[in-house]
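Below is one structure, written out as structure tokens; the observations come after it.
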Amino acid sequence: MLERILPTEVACAEAFDDPPGQWLFPEEAAVISGAVARRRAEFTTVRSCARRALGTLGVPPVPLLPGARGAPRWPAGIRGSMTHCEGYRGAAVALAAPTRWLGVDAEPNAPVGPAVLDMIAGPAELIHLAALDQLPGALVHWDRLLFSAKESLYKAWFPMAGCLLDFLDAEVELHVCGTFTARVLTAPPTAPAAVPRRYEGRWLLSDGFLCTSVAN
Ligand SMILES: CC(C)(COP(=O)(O)OP(=O)(O)OC[C@H]1O[C@@H](n2cnc3c(N)ncnc32)[C@H](O)[C@@H]1OP(=O)(O)O)[C@@H](O)C(=O)NCCC(=O)NCCS
């Protein structure tokens, strides 16, 4: 699914279950050893996906350890992003030249619920979502898509900016044609001025999953 919403120079790999026989480097296994089985499984499978995708770029298998605030540490010269949810694991990687940023996210196509919606959507976005909900025949849960778009934005943003972005710090406009625009409204003061404030993204509904990407 991810390759359908990413530029051709980005290599992707994905899995819809946790096949037996996957492995971790000892330092990766140490990082995740205290987690519950479900977390260990997603951590392991998504790293298998990432190593497969890296392999298509000619990068040999290396440990992919969490760094600051959980952001994965990629080999020098590589940008990448990983996502997992129930029934899906996906990784995308690219050469840092020419790819300047890369974030991906996958979510089940289900509503986020009113409490979460209040936390993730600003007033303009709530009006925008209400209008999208009026579209005839739409199968998309637009509130979940907004959430996913913001997660992809954050995964692209963090490695460049090195700081958290709250959900209400950015505004997303979803387009029915499979694209979206994300604007950072309030950047934390520590965010370098050179980090872009406007991003174009893509999205897809497939097999019950909403996938989003922010890449350039
Ligand atoms: C980090 C976060 C984005 C992960 O998203 P999620 O939907 O919960 O989980 P996903 O399975 O899609 O993604 C998890 C992966 O994201 C990656 N990730 C985690 N923190 C990250 C960060 N700071 N920067 C980039 N990637 C990160 C990791 O690879 C992680 O998988 P791993 O722990 O197995 O390595 C989310 O938990 C979070 O903290 N969100 C708050 C910030 C935010 O989204 N703001 C919105 C701004 S508009």
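The values are calculated or read from the model by the stated rules, or taken from the named source; none is laboratory data. Everything quoted here is computed from the prediction, not taken from an experiment. As a convention, Cβ positions derive from the backbone with ideal geometry for all residues, glycine included, and neighbour counts pool all protein chains shown. We work out accessible area using only protein heavy atoms, side chains counted, and drop any ligands, DNA or RNA first. Shrake-Rupley method; radii C 1.70, N 1.55, O 1.52, S 1.80 Å.
Annotations
- Exposed trypsin sites (Lys or Arg not before Pro) absent - longest run of the chain, DSSP non-H/G/I/E/B, at most 15 other C-beta within 10 Å: 101-196
- According to the Cα-based calculation, Rg over Rh for the stretch 130-216 is 1.00, with Rh computed by the Kirkwood formula.
- Amide H contacts of Ile78 (H built 1.01 Å from N, in plane; Pro and chain starts excluded): Ala96 sit under 5 Å, all sequence-distant by 5 or more or on other chains.
- Extension gain from Arg73 to Cys163, taking 0.36 nm per residue of separation minus the Cα-Cα distance: 30.9 nm
- Accessible area per residue, Å², the chain with all protein chains present, probe 1.4 Å: 48 Å²
- For the stretch 153-186 and the stretch 52-112, distance of Cα centres in Å: 17 Å
- Cα gyration tensor shape for the stretch 57-157, rounded if a/c is under 1.5, else prolate or oblate: prolate
- Computed across the stretch 46-86, the Kirkwood hydrodynamic radius from all distinct Cα-Cα pairs reaches 10.8 Å.
- Computed over the stretch 2-94, Kirkwood Rh from alpha-carbon pairs, angstrom: 13.4 Å
- Extent along principal axes [Cα atoms of the chain; Å; largest to smallest]: 49, 39, 35
- On the chain, 59 percent of the accessible area sits on carbon and sulfur atoms, based on a 1.4 Å probe.
- Mean-position separation - Cα centroids, the stretch 117-145 and the stretch 1-27, in angstrom: 29 Å
- Cβ-derived FRET efficiency at R0 41 Å, Leu135 paired with Arg38, nearest 0.05: 0.70
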